[in-house]
Amino acid sequence: MQPPTRHVVYGCESSHHPVEDDENMPTTLLVRAEYDGRMQTPPSTRMRTLGAFLPFVVVSIVHVAALAAESPLAVPTKALLMPLLAVPVLLDARRIIALRSRTPVMLLLGALFFSWLGDEAGLFFPFAPELPLMLGFFGIAHVAYIVLFLRVLRVRRLPLWTVVYGLWWMLMLVTLGPHTGPLLVGVGAYGLVLAGTAATAARCTPIIALGGAFFLLSDSILAFRLFLPDAMPAWTSPAVMLTYTLGQGLLVWGALRALRVSPSSNPAAASEEVVR
């Protein structure tokens, strides 16, 4: 009898007997990476992923530069950001569904879709107040991220240092609350889900945690620009989008990296799953 061997199918470890290639099995299920004590992503997959992110990176740089130069290119490039960031998700969707399920793919695409609506609320809905729509659409995007982080991508307990996000929320309300007028409740609720995204991202990999922090920083700068515009210098306009594109890009990049790893290879998440 041939001894059991270990295989990785899209990051999913198996300690069963060798799997013979079946001509009827989808090609995407036959790609294996060698197991050397930790889950690895094949070099070809990494290169394809980096290539898929390249258009988003290039357009992000052009967009931030256009904002700094007050160029009309800022408008069309902003509209391209989230659709381009969805490209690597779509390219990895089949592999993620084979390893996990449709849920993380739909949550990621949902977060990007509602972020896109928030980015372009004024363009898509010129007949409605822009700021409340932005708060609503981005609020939905944050809820999608929170569910993704808590149900799929968590690898550790909530770090103690994330208490800073609660303090941030209280400080922002005290500082900006008197200037928000009738939007106080909406701004406060949005701040909660924004802090929730940053905090739950801290339960995931460092890349995702950094993305959540950049997203929160971006919206913090934007909030001051919206409600205390006289106190904000001109350079904060490109700073909003620089930190925003970094935040969103890191969240998606980190999520896709984590989703290529089998849930069974994450002892922390697996043990929590058993408890639940």
- Query: Do the conditions hold for Leu167, that is, is it free of Cβ contacts under 8 Å to residues at least 24 places away in the same chain and either outside any loop (DSSP other than H, G, I, E, B) or closer than 20 Å to Leu250 by Cβ (or both)?
  - Reply: yes
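Please enumerate the residues belonging to region 110-137 that are open to solvent by 50 Å² or more (accessible area, probe 1.4 Å) and assigned to a helix (DSSP H, G or I). Explain how you work it out, then say what you get.
From region 110-137, those open to solvent by 50 Å² or more (accessible area, probe 1.4 Å) are 113-114, 116, 123-127, 129-130, 132; that's our starting set.
Answer for region 110-137, where residues must be open to solvent by 50 Å² or more (accessible area, probe 1.4 Å) and assigned to a helix (DSSP H, G or I): Phe113, Phe114, Trp116, Leu123, Phe124, Glu130, Pro132.
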- Message: Just to be sure I understand, how many residues within region 151-165 are under 10 Å from Thr200 (Cβ atoms) and either of a type in the set (Gly, Ala, Ser) or loosely packed, with under 14 Cβ neighbours inside 10 Å (or both)?
- Response: 1
- Message: Among the residues that make up region 197-208, is at least one of them modelled with pLDDT of 95 or more, over 19 Å from Val240 (Cβ atoms) and open to solvent by 70 Å² or more (accessible area, probe 1.4 Å)?
- Response: yes
- Selection within region 242-275 - open to solvent by 20 Å² or more (accessible area, probe 1.4 Å) and either at pLDDT 95 or above or over 23 Å from Leu108 (Cα atoms) (or both): Leu242, Leu246, Leu250, Trp253, Pro267, Ser271, Val274, Val275
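Specify the residue that is surrounded by the fewest Cβ atoms within 10 Å (Cβ to Cβ); the eligible residues are those in region 85-104 that are touching a residue at least 60 places away in the same chain (Cβ under 8 Å) and closer than 17 Å to Val57 by Cα. Give the steps one after another, and end with the answer.
First, the residues of region 85-104 that are touching a residue at least 60 places away in the same chain (Cβ under 8 Å): 85, 88-89, 92, 94-96, 98-100, 104.
From what is left, the residues that are closer than 17 Å to Val57 by Cα are 85, 88-89.
Working: Leu85: 27, Pro88: 23, Val89: 21.
For region 85-104, the residue satisfying everything is Val89.
Do we find that Leu107 is crowded, with 19+ Cβ neighbours inside 10 Å, under 23 Å from Met241 (Cα atoms) and at pLDDT 95 or above in this structure? Break it down stepwise before answering.
Values: crowded, with 19+ Cβ neighbours inside 10 Å: yes; under 23 Å from Met241 (Cα atoms): yes; at pLDDT 95 or above: yes.
Spelling it out, Leu107 is indeed crowded, with 19+ Cβ neighbours inside 10 Å, under 23 Å from Met241 (Cα atoms) and at pLDDT 95 or above.
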- Message: Based on this model, can you work out whether Val59 counts as modelled with pLDDT of 95 or more, among the β-branched types (Val, Ile, Thr) and over 22 Å from Ala98 (Cα atoms)?
- Response: yes
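Would you be able to say whether some residue in region 225-232 is in contact (Cβ under 8 Å) with a residue 12 or more places away in the chain and open to solvent by less than 40 Å² (accessible area, probe 1.4 Å)? It would help to see each step written out before you state the result.
Within region 225-232, the first condition is being in contact (Cβ under 8 Å) with a residue 12 or more places away in the chain, and the residues that meet it are 225-228.
Narrowing the set further to residues that are open to solvent by less than 40 Å² (accessible area, probe 1.4 Å) leaves 227.
Yes: one or more hits.
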- Query: Are there any pairs, at least 6 apart or on different chains, whose C-beta atoms fall under 7 Å, with the first in region 129-150 and farther than 15 Å from Met82 by Cα and of a type in the set (A, V, I, L, M, F, W, C) and the second open to solvent by 30 Å² or more (accessible area, probe 1.4 Å) and not in a helix (DSSP H, G or I), and if so, which?
  - Reply: Leu133/Phe125; Phe149/Arg203
- Tell me, please, whether a residue that is of a type in the set (Gly, Ala, Ser) and either free of Cβ contacts under 8 Å to residues at least 12 places away in the same chain or at positive phi (or both) can be found in region 189-208. no
- Test for Ala144: is it in contact with a Gly (Cβ under 8 Å, 6 or more places away or on another chain), over 16 Å from Ser220 (Cβ atoms) and among the aliphatic types (A, V, I, L, M): yes
- Message: If His63 satisfies all but one of (1) under 29 Å from Arg260 (Cα atoms); (2) touching a Lys or Arg at 6+ places or on another chain (Cβ under 7 Å), what's the number of the condition it fails?
- Response: (1)
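The values are calculated or read from the model by the stated rules, or taken from the named source; none is laboratory data. Computed from a predicted model, the values in this text were never measured in an experiment. Note: ideal-geometry Cβ built from the backbone for every residue, glycine included; neighbour counts use all protein chains shown. Calculation scope for accessible area: heavy atoms of the full protein, side chains included, ligands and nucleic acids excluded. Shrake-Rupley method; radii C 1.70, N 1.55, O 1.52, S 1.80 Å.
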